[in-house]
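A.B. asks: I'd like to ask you about the structure that follows.
The values are calculated or read from the model by the stated rules, or taken from the named source; none is laboratory data. No experiment lies behind these values; they were computed from the predicted model shown. Heads up, the Cβs are rebuilt from the backbone with ideal geometry, glycines too, and the neighbour counts pull from every protein chain shown.
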Amino acid sequence: MEHGHTVFEWGLLVVIYLYTAGISAGMFATSAFATYVGGGRYRRIARLGALLAPWPLALGLGMLVLDLGRPLYFWKLFVTIQPTSPMSIGSWLLSLFMLVAMINLILWLPRPWRNLIKFPHSRADVRDRLRWQPLTARMVRMGRGVVAAIGFPLSLGVAMYTGILLGAIPGRPFWNTPMLAQLFLFSAMSTGVAALLLVAALWGRISDPHELAHERHMLVSMDVVLILMEFFIIIPFFLHQALNTRSSAESLNLVMGGPYTALLWGGVISLGLLLPLLIEGYELYPVALKEGAVKYNRLLGGLSGLLVLIGGFLLRYVFVYAGQLSHFLPVLPR
Amino acid sequence: MTTNLKGMLTHIEPPKPNPQAGRRWAFVIEPDRCIDCEACMVACSVENQVPVGHHRNWIAHREKGKFPYLSLHFEPENCHHCSNPPCEMVCPTGATFRREDGLVLINYDDCIGCRYCMMACPYDARYFDEDRGVVDKCTFCVHRLDAGQPPACVETCIGGARHFGDINDPESEVAKLLARHEVYVRYAEAGTGPAIFYIMD
């Protein structure tokens, strides 16, 4: 009787959850970054990121709860802290991050919307709801700074947790490397930037190529750095796995000739990393060579954003599925 | 898969009985007495009402030697009730716990069915019970142990390949077997400290 997993216990719902948590973390981090740099030049990116950040994660958390064997008992996660369980730490981290992201969203709402959120203190407030404004402009400015500073490390933690969840398991050699946390972290940041890039490309009148021009310049520059970081992780990932124990080395067969080869090399690396890197390099090279301004191109900007988003999804798909097929290997054949 | 066991497996230093430390339930298995009849699997399924399509124990096949000197070799296996169980470490609600006597058990009220433990177990000893929405596995027949009986698979084993007992009791059958034989464990490199010892044949 042969034994081993015949079905994938973690499927598409978990893939979507890891993916959306990464996008949310990436968007929040970008928003927090844009809050602090440029002296207000990138306010629109900060606002865009703040307004969008909680929603992918909200969807992902729904998926996560639905994936449980007993979804109605998900609250059991929050009556205990298990220090050795990445999932327990991650659940708390995600809840905290969600809270901060929601506060950030409220702080970045355009004023007329923000004023709809009211916490009346007295009867007069209730009677005259339209005049009472709970948040002064100064409080909002300060609040944004504080929330960005608190939320930035939390967002990095959430992004890293999605990798640690898989990477901290010795029983699955394909996952069991510290580089998985970094890979998922930089991929999360990259997909967050790409989501904003895509929205920025779709924003405003299509006829005006200079709409959000310097914001797009910043996003493209960030994405180039992040994609390069991913390459700096993927290359040593392959080298280390190949030179590690036999179980690790053979787990690479899953993506080198095995069932996930085409998805990883064609989907994740070519379509999701190389192609967007080429497009973004083309947009940026006049600046890098000091020959002129960035080539603003709404179509290319949107396309590279879309490709990075597809690549990020496929990355999580490949890792979640392939990792479940990897095992310790029994004694060596002679 | 062709496997040559002699010289390829890391034998481990068999644990010495430690009567002061309290009970430590363990299996000692003689693979050369196993005939792959799968009676243990049937006994387990009946005893524990295991859902159709899942098993709490199984028999791994290994081919020994090199053509033309080949032989088939059976390793009966179930949950290893590790001293350092990865499933217990990753459980986010603390539903999986380790009892004083070494049994790794599940508190089904606390299990939410996230299946992280199934990812963590290098032996794939756990299965997901779809009807109850919780993860389940071999308990070393804890209900029988607490009533003073051996696990169902041990009682039914026709070839006498499965031995069960307290390795901290120097007078027990398993402690004597461990003292007399060279033993190995599955995936010693995982650092799990499994409590199923296989006698080298």
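A.B. asks: When you go through B:Thr139, B:Thr93 one by one, which is the residue that is closer than 24 Å to A:Ile81 by Cα and among the hydroxyl-bearing types (Ser, Thr, Tyr)?
C.D. replies: B:Thr93
A.B. asks: Something else about it: Just to be sure I understand, how many residues within region B:84-106 are outside any strand (DSSP E or B) and either more than 10 Å from chain A (Cβ to nearest Cβ) or closer than 17 Å to A:Phe328 by Cβ (or both)?
C.D. replies: Residues flagged as outside any strand (DSSP E or B) and either more than 10 Å from chain A (Cβ to nearest Cβ) or closer than 17 Å to A:Phe328 by Cβ (or both) within region B:84-106 amount to 11.
A.B. asks: For B:Cys117, are the conditions met, namely being at pLDDT 95 or above, assigned to a helix (DSSP H, G or I), within 12 Å of another protein chain (Cβ to nearest Cβ) and farther than 15 Å from B:Phe164 by Cα?
C.D. replies: Judged against the criteria, B:Cys117 is a match.
A.B. asks: Would you tally the residues in region A:40-99 being under 30 Å from B:Asn107 (Cβ atoms) and either among the aromatic types (Phe, Trp, Tyr) or without any contact (Cβ under 8 Å) to a residue 12 or more places away in the chain (or both)?
C.D. replies: 23
A.B. asks: Restricting to region B:175-196, what's the tally of residues that are β-branched (Val, Ile, Thr) and part of a loop (DSSP other than H, G, I, E, B)?
C.D. replies: 2
A.B. asks: Can I ask one more? Collect the residues in region B:129-164 that are within 14 Å of another protein chain (Cβ to nearest Cβ) and over 21 Å from A:Pro170 (Cβ atoms), keeping them in residue-number order.
C.D. replies: B:Asp129, B:Glu130, B:Asp131, B:Arg132, B:Gly133, B:Val134, B:Asp136, B:Cys153
A.B. asks: Within region A:168-178, is there a residue that is assigned to a helix (DSSP H, G or I) and touching a residue at least 12 places away in the same chain (Cβ under 8 Å)?
C.D. replies: So far as region A:168-178 goes, no, none of its residues is assigned to a helix (DSSP H, G or I) and touching a residue at least 12 places away in the same chain (Cβ under 8 Å).
A.B. asks: Of the numbered conditions (1) at the interface with chain A (Cβ under 9 Å from one of its Cβ atoms); (2) part of a loop (DSSP other than H, G, I, E, B); (3) within 20 Å of the chain's Cα centre (by Cα), B:Asp110 satisfies every one except a single condition; which is it?
C.D. replies: Condition (3) is where B:Asp110 drops out.
A.B. asks: If we only count helices (runs of 4 or more DSSP H) wholly inside region A:239-325, which ones have 2 or more residues that are among the aliphatic types (A, V, I, L, M) and surrounded by 15 or more Cβ atoms within 10 Å (Cβ to Cβ)?
C.D. replies: Because the criterion is at least 2 residues that are among the aliphatic types (A, V, I, L, M) and surrounded by 15 or more Cβ atoms within 10 Å (Cβ to Cβ), the helices (runs of 4 or more DSSP H) in region A:239-325 that meet it are A:275-288, A:298-325.
A.B. asks: Out of the residues in region B:80-97 meeting the condition of being over 15 Å from A:Gly90 (Cβ atoms) and of a type in the set (S, T, N, Q), tell me which one is surrounded by the fewest Cβ atoms within 10 Å (Cβ to Cβ).
C.D. replies: Ranking the candidates gives B:Asn84 first.
For (1) in a helix (DSSP H, G or I); (2) more than 16 Å from the chain's Cα centre (by Cα); (3) more than 11 Å from every other protein chain (Cβ to nearest Cβ), each residue gets a yes or a no:
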| position | (1), (2), (3) |
| --- | --- |
| B:Lys16 | no, yes, yes |
| B:Ala26 | no, no, yes |
| B:Cys44 | yes, no, yes |
| B:Gly53 | no, yes, no |
| B:Trp58 | no, no, no |
| B:His61 | no, no, no |
| B:Lys64 | no, yes, no |
| B:Leu70 | no, yes, yes |
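A.B. asks: With respect to B:His81, determine if the residue is within 11 Å of chain A (Cβ to nearest Cβ), touching a residue at least 60 places away in the same chain (Cβ under 8 Å) and outside any strand (DSSP E or B).
C.D. replies: No.
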